[in-house]
Amino acid sequence: MIGVLLVHDACLVRSVLAEWLGREPDLRVSDASWPSAAGSVRSLRPDVCAADLESLDSYGSPPLGELRGLGTVTPAPRLLVLASAARPGLLKRAAEAGTLGYVDKDREGAPERLVSAIRKVAAGKRFVDDSLGFGFLRATQIPLTPRELSVLSLAAEGSSVAEIAGSLHLSHGTVRNYMAAITRKTGARNRVDAIRISQGEGWL
């Protein structure tokens, strides 16, 4: 049996998909919301975590590291994500977290491909929907540097220039320069617009 933890914040979608997957004779399926996923990983010790990257209740970076137990679960679950080519930043984060499986949630026949992907990932093999190829290409072209992303992440949390400067040990002028560069690189009108664009792309 393959132990599967399905992670999705929409209760109805999560329940229906878990019930559908549970009909497969070789899958033992549990489900959890993102806030409760880490605890479920520790208690259930699944073989595979299948997570919808875009189902968070609010924009933000999905805590994929928590799905791997952060070193507290051995062996760590293998990761599989339901994703979209429209948010390349999330694909990049998933790749950096060591994800093996990528299922295009917008493509016809996604549930059937999810079953195939779970079995491959459980066996330690990679599964990537070819329709996500353009999204991965865009993921290599994120215009912001890691430092700029750090500045913008704090700005998205509502931090002031002074608070960002204190958190990152920068001068106020340097923070303003970073914000000007971020606005220019994202094609935004202002800071709020830069945050909106970056969250929409999955960079934050």
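Under the 0.36 nm per residue contour assumption, what length would be gained going from the current alpha-carbon distance of Asp193 and Ala86 to full extension? If you can, show how the numbers build up before the last one.
On the way: separation 107, 0.36 × 107 = 38.52 nm, distance 1.81 nm.
Roughly 36.7 nm would be gained on extension.
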Per residue of the chain, what 222 nm ellipticity follows from adding -39500 (n - 2.57) for every DSSP H run with n ≥ 4, rounded to the nearest 500? -14500 deg cm²/dmol
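Over the chain, calculate the relative contact order: mean separation of alpha carbon pairs under 8 Å at least 6 apart, over the residue count, as a percent.
Values: 313 pairs, mean separation 35.0, N = 204.
Computed over the chain, the figure is 17 percent.
Could you work out the longest stretch of the chain that avoids the GluC sites (Glu not before Pro) located in DSSP loops with at most 16 other Cβ atoms within 10 Å? Write out the running numbers ahead of the final one.
Values: sites that count: Glu108, Glu157.
The longest such stretch corresponds to 1-107.
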Please find the FRET efficiency linking Ala110 to Met1, where r is the Cβ-Cβ separation and R0 is fixed at 22 Å, and quote it to the nearest 0.05. 0.45
So the carbon and sulfur contribution to the accessible area of the range 124-204, 1.4 Å probe, in percent, is 53 percent
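Would you mind calculating the gained length between Cys11 and Ala97 on full extension (0.36 nm times residue separation, minus the Cα-Cα distance), in nm to one decimal?
Details: separation 86, 0.36 × 86 = 30.96 nm, distance 2.50 nm.
Once the chain is fully extended between Cys11 and Ala97, it gains 28.5 nm.
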For Ser171 and Arg28, FRET efficiency with R0 = 41 Å and r from the beta-carbon atoms, rounded to 0.05? 0.15
Can you give me the accessible area per residue for the chain, using a 1.4 Å probe, in Å²? 49 Å²
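The values are calculated or read from the model by the stated rules, or taken from the named source; none is laboratory data. Here the structure is a predicted model, which is why all the values come from computation and not from measurement. Using ideal geometry, Cβ is built from the backbone for each residue, glycine included, and neighbour counts are taken over all protein chains shown. These area figures cover heavy atoms from the full protein model, side chains too; ligands, DNA and RNA do not enter into them. Shrake-Rupley method; radii C 1.70, N 1.55, O 1.52, S 1.80 Å.
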